[in-house]
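Below is one structure; the comments refer to it alone.
The values are calculated or read from the model by the stated rules, or taken from the named source; none is laboratory data. It should be emphasised that the depicted structure is a prediction, and the values quoted were computed from it without experimental measurement. Positions of Cβ are backbone-derived with ideal geometry, glycine not excepted, and every protein chain shown enters the neighbour counts. For the accessible areas, the whole protein counts, side chains as well, though only heavy atoms, and no ligand, DNA or RNA atoms are used. Shrake-Rupley method; radii C 1.70, N 1.55, O 1.52, S 1.80 Å.
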Amino acid sequence: MRKVMFIGQTGSGKTTLSQWLQKKDLAYHKTQQVYYFDDSIDTPGEFMENRFYYNALVSASVDAEVIAFVQDPTGSQNYFPPFFSSRFNKKVIGIITKIDLSDEQALCKARELLKLAGATEIFEVSVITGRGLEELNAFLFDSQQR
């Protein structure tokens, strides 16, 4: 499996995705620091919400093979600047979370924002229903997609 680093605003689902990858019970906790796991790197939402921390994200990404911009379509805020992916020398994907709580208009907006930020592929997932997780898992396990 390729190691993925999750980046996104507070509450977007980064920790939940990381727990899912690690096959741990889903339990919410506020991420206060960068957490390194075997298959993922979980970052605090504040690192995305404050430009001062952008360099910390770049530094934390050294061990990652894939960068995942995590977008919550139910929120009203977007913190990904256009072409944000250019900060990373890695493949950048987008993950839209909480699709079970969202309508098509919000999903469309989230897709546009992730494309503008530079995500080359977009996965739409719900950890609650399991929708889209198989496709994301297949992508992360396919070492040929570099």
- Segment TYR28-ASN55, extension gain: residue separation times 0.36 nm, minus the distance between their alpha carbons: 7.1 nm
- Item | For the range 8-127, diffusion coefficient by Stokes-Einstein and Kirkwood Rh (Cα), 20 °C, 1.002 mPa s, µm²/s | 149
- Roughly how many Å² is the accessible area per residue of the chain, as a whole number, for a 1.4 Å probe? 52
- Reciprocal of mean inverse Cα separation for the range 58-146 (Kirkwood radius, Å): 13.5
- Please give the calculated 222 nm ellipticity per residue for the chain, where each DSSP H segment of at least 4 residues contributes -39500 (n - 2.57) and the sum is spread over every residue; nearest 500 deg cm²/dmol? -8000 deg cm²/dmol
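If R₀ is 25 angstrom, what is the calculated FRET efficiency for the pair ASP142 and ILE122, using the beta carbon separation as r and rounding to 0.05?
So, using R0 = 25 Å, E works out to roughly 0.95.
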- Please tell me the relative contact order of the chain in percent, rounded to the nearest whole number, where contacts are Cα pairs under 8 Å and at least six residues apart. 25
- Task: Could you sort out which of LYS3/LYS109; LYS90/LYS115; LYS3/LYS24 sit more than 21 Å apart by Cα distance in this structure?
- Result: LYS3/LYS109
